[in-house]
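Working notes, beginning with the structure itself.
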Amino acid sequence: MRALVYGLARSGRSAAERLDDPVLVDRSLGNESDLSLLDGVEVVVKSPGVPNGVPLLVEARRRGIAIWSEVELGFRLLPDAKLVGVTGTNGKTTTTELLGAIFRAAGRDVAVAGNVGTPLTSIRAAEWVVCELSSFQLEDVHELACDVAVLLNLEPDHLDRHGSFEAYRDAKLRIFERSRAQVVPRGLDLTGIEFSADDELPAEPLLRGAHNRENAAAATAAARAAGIAEDDIAEALRTFRGVPHRLEDVGERNGVRYVNDSKATNVAATLRALAAYSDERLHLILGGSTKGEDFTPLAEAIGANVQPVHFIGEEAERMMEVIDGHVDGTLDRAVVHAARLARPGEVVLLSPACASYDQFDNFEQRGDAFRAAVLELEQ
């Protein structure tokens, strides 16, 4: 089968390694506009960062060439593995990693992959695979079938890519097309094994916030559907400490705590962070690159405990139209400014409600920069 791999970031490189002599297309190669590269190609394997409207993919569809996401290829290369898929607007990585911890506590042979950073195509063998699936990855699946499929929540996100909430929702719901067991939020008008933050769990999760209890409830429901014992679920809930850039406590300076929630790349995620710290005095850092969201719900949720707000990045001015605060511009300046104003016992929270691509390559780099800026503060 002659294949073309479009996009040579982490997942694209992994896919290329699993194919025989694929055609490689990437911005860095300067060959994205060469439609003749499709000659003789039977399938295009697309990295999640490549939008479906680019000319090469439009031409591939016109020619009737199949287009697969990298996870579709990865699924086909693991015919004997059982798959737990996790999607949703927020909480995917935390829930995916927690499920991995639960399966390991149960002594299962498990790999954790997908949008968490390890490409599915890099997994050579496993009894179980827990796979985080983004809307970008689910756009072009065909035979991918989850033994257990988890939808955590659905809120507006990536509207700049999908064009509408309906298109974004439809991409997310593709996780259920061939699934055997469906785990869904209670009240979302979907049929399946329901969960909510109010569920009785075999142990209380270590992670802070109502949203993380909901993530734990979803992971518990999925683990039960996969046949994991209650004692093993409880062990993981009691010991799992979360993942970086999600309400991550990065240190204390002069009695002030600094929390890295760089993964809060949309309004809904920042609302959850504010709820988790509703009883503490916050110095909040917001802003970044646009995703086309309405910031009014965020303005309405910022209470008297949040003073002041520091804005960074290209969305700073638009945020200031509805939220009072200071424009610091860059993350370094915001951290220094917040540190100067904060008093012992208070919290400086980076929870941007925006993507990171104006000033950083990704949210991880932004979170690392926040951590570094905190470490540079005088004690």
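The values are calculated or read from the model by the stated rules, or taken from the named source; none is laboratory data. Fair warning: this is a prediction, and the values are worked out from it, not measured in the lab. All Cβ positions, even for glycine, are placed from backbone atoms using ideal geometry, and neighbour counts span all protein chains on display. Ligands, DNA and RNA are excluded from the accessible area calculation, which covers all protein heavy atoms including side chains. Shrake-Rupley method; radii C 1.70, N 1.55, O 1.52, S 1.80 Å.
Residue-wise test of (1) surrounded by fewer than 24 Cβ atoms within 10 Å (Cβ to Cβ); (2) in a helix (DSSP H, G or I).
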residue	(1), (2)
A60	yes, yes
F75	no, yes
L78	yes, no
T93	yes, yes
T96	no, yes
A101	yes, yes
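Scan (1) crowded, with 18+ Cβ neighbours inside 10 Å; (2) closer than 19 Å to P185 by Cα for the single condition E200 breaks and write down its number.
With (1) crowded, with 18+ Cβ neighbours inside 10 Å; (2) closer than 19 Å to P185 by Cα applied to E200, the lone miss is (1).
Checking P119 against (1) without any contact (Cβ under 8 Å) to a residue 60 or more places away in the chain; (2) surrounded by 19 or more Cβ atoms within 10 Å (Cβ to Cβ); (3) under 17 Å from G49 (Cβ atoms): exactly one of these is not met. Which one?
(1)
Being in contact (Cβ under 8 Å) with a residue 12 or more places away in the chain and open to solvent by 20 Å² or more (accessible area, probe 1.4 Å) narrows it down to one of R124, R174, R186, so name that one. First the steps, then the outcome.
Numbers: R124 fails: in contact (Cβ under 8 Å) with a residue 12 or more places away in the chain; R186 fails: in contact (Cβ under 8 Å) with a residue 12 or more places away in the chain.
It is R174.
All but one of (1) closer than 30 Å to L190 by Cβ; (2) surrounded by fewer than 22 Cβ atoms within 10 Å (Cβ to Cβ); (3) not β-branched (V, I, T) hold for R27; state the number of the condition that does not hold.
If we test R27 against (1) closer than 30 Å to L190 by Cβ; (2) surrounded by fewer than 22 Cβ atoms within 10 Å (Cβ to Cβ); (3) not β-branched (V, I, T), just (1) comes out false.
Looking at V71, V50, V41, can you tell me which residue is farther than 23 Å from R174 by Cβ and either in a strand (DSSP E or B) or open to solvent by less than 30 Å² (accessible area, probe 1.4 Å) (or both)?
Working: V71 fails: farther than 23 Å from R174 by Cβ; V50 fails: farther than 23 Å from R174 by Cβ.
None of the others qualify; the one that does is V41.
Would you confirm, using the coordinates I've provided, whether A9 is in contact with a Gly (Cβ under 8 Å, 6 or more places away or on another chain) and aliphatic (A, V, I, L, M)? Talk me through it step by step, then tell me what you get.
On the way: in contact with a Gly (Cβ under 8 Å, 6 or more places away or on another chain): yes; aliphatic (A, V, I, L, M): yes.
Against the criterion (in contact with a Gly (Cβ under 8 Å, 6 or more places away or on another chain) and aliphatic (A, V, I, L, M)), A9 qualifies.
Residues are listed down the side, and each one gets a yes or a no for (1) closer than 28 Å to D261 by Cβ; (2) within 14 Å of the chain's Cα centre (by Cα); (3) modelled with pLDDT of 95 or more:
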| position | (1), (2), (3) |
| --- | --- |
| K82 | no, no, yes |
| V86 | yes, yes, yes |
| A101 | yes, no, yes |
| G114 | yes, yes, yes |
| T118 | yes, yes, yes |
| I123 | no, no, yes |
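Applying the selection to the stretch 96-117, what residues are over 13 Å from V243 (Cβ atoms) and β-branched (V, I, T)? Outline the logic, then answer.
Step one: filter the stretch 96-117 for residues over 13 Å from V243 (Cβ atoms), giving 102-111, 113-114.
Scanning the stretch 96-117 gives I102, V110.
So which residues in the stretch 225-249 are buried (at least 19 other Cβ atoms within 10 Å of the Cβ) and either among the polar types (S, T, N, Q) or assigned to a helix (DSSP H, G or I) (or both)?
The answer is A225, D232, I233, A236, L237.
For L19, only one of the following conditions fails: (1) open to solvent by less than 30 Å² (accessible area, probe 1.4 Å); (2) closer than 18 Å to H142 by Cα; (3) out of contact with any Ser or Thr (no Cβ under 8 Å at 6 or more places or on another chain). What is its number?
Unmet for L19, out of (1) open to solvent by less than 30 Å² (accessible area, probe 1.4 Å); (2) closer than 18 Å to H142 by Cα; (3) out of contact with any Ser or Thr (no Cβ under 8 Å at 6 or more places or on another chain): (2).
Any idea how many residues of the stretch 283-305 are open to solvent by less than 60 Å² (accessible area, probe 1.4 Å) and out of contact with any Ser or Thr (no Cβ under 9 Å at 6 or more places or on another chain)? I'd like the intermediate steps shown before the answer.
Kept after step one, since they are open to solvent by less than 60 Å² (accessible area, probe 1.4 Å), are these residues of the stretch 283-305: 283-289, 291-293, 295-299, 301-303, 305.
From what is left, the residues that are out of contact with any Ser or Thr (no Cβ under 9 Å at 6 or more places or on another chain) are 283, 287, 292-293, 295-297, 299, 302.
Number of matching residues: 9.
Within the set of pairs 6 or more residues apart or between chains, which connect a residue that is under 27 Å from A125 (Cβ atoms) inside the stretch 12-41 to a residue that is among the charged types (D, E, K, R) and surrounded by fewer than 19 Cβ atoms within 10 Å (Cβ to Cβ) with Cβ atoms less than 9 Å apart?
Pairs found: G12/D26; D20/R2; D21/R2; P22/R2.
Report yes if some residue within the stretch 346-362 is among the polar types (S, T, N, Q) and either crowded, with 19+ Cβ neighbours inside 10 Å or not in a loop (DSSP other than H, G, I, E, B) (or both); otherwise report no.
First, pick out the residues of the stretch 346-362 that are among the polar types (S, T, N, Q): 351, 356, 359, 362.
Filter again for either crowded, with 19+ Cβ neighbours inside 10 Å or not in a loop (DSSP other than H, G, I, E, B) (or both), leaving 351, 356.
Among the residues of the stretch 346-362, at least one is among the polar types (S, T, N, Q) and either crowded, with 19+ Cβ neighbours inside 10 Å or not in a loop (DSSP other than H, G, I, E, B) (or both), which makes the answer yes.
If I ask for residues that are of a type in the set (G, A, S) and modelled with pLDDT of 95 or more, which ones from the stretch 29-65 would you list?
We begin by selecting, within the stretch 29-65, every residue of a type in the set (G, A, S); these are 30, 33, 36, 40, 47, 49, 53, 60, 64.
Those that are of a type in the set (G, A, S) and modelled with pLDDT of 95 or more: G30, S33, S36, G40, S47, A60, G64.
Can you tell me which residue in the stretch 162-198 is nearest to G292 (Cα to Cα), limited to those that are touching a Gly at 6+ places or on another chain (Cβ under 9 Å) and assigned to a loop (DSSP other than H, G, I, E, B)?
Initial filter on the stretch 162-198 (touching a Gly at 6+ places or on another chain (Cβ under 9 Å)): 172, 175-176, 179, 181-185, 194, 196.
Add one more test, that the residue is assigned to a loop (DSSP other than H, G, I, E, B), and what stays is 179, 196.
On the way: S179: 32, S196: 29 Å.
Among them, the one singled out is S196.
Inside the stretch 328-345, can you point out the residues that are more than 16 Å from E314 (Cβ to Cβ), buried (at least 20 other Cβ atoms within 10 Å of the Cβ) and in contact with a helix residue (DSSP H, G or I) (Cβ under 7 Å, 6 or more places away or on another chain)? Before the answer, list the steps.
Filtering the stretch 328-345 for residues more than 16 Å from E314 (Cβ to Cβ) gives 332, 335-345.
Filter once more, so that each one left must be buried (at least 20 other Cβ atoms within 10 Å of the Cβ): 335, 338, 342.
Hit for the stretch 328-345 is V335, nothing else.
Look through L38, L56, L4 and report the one residue that is more than 16 Å from G74 (Cβ to Cβ), in contact with a Pro (Cβ under 7 Å, 6 or more places away or on another chain) and among the hydrophobic types (A, V, I, L, M, F, W, C). Full working, then the answer.
Numbers: L38 fails: in contact with a Pro (Cβ under 7 Å, 6 or more places away or on another chain); L56 fails: in contact with a Pro (Cβ under 7 Å, 6 or more places away or on another chain).
Within the list L38, L56, L4, the selection yields L4.
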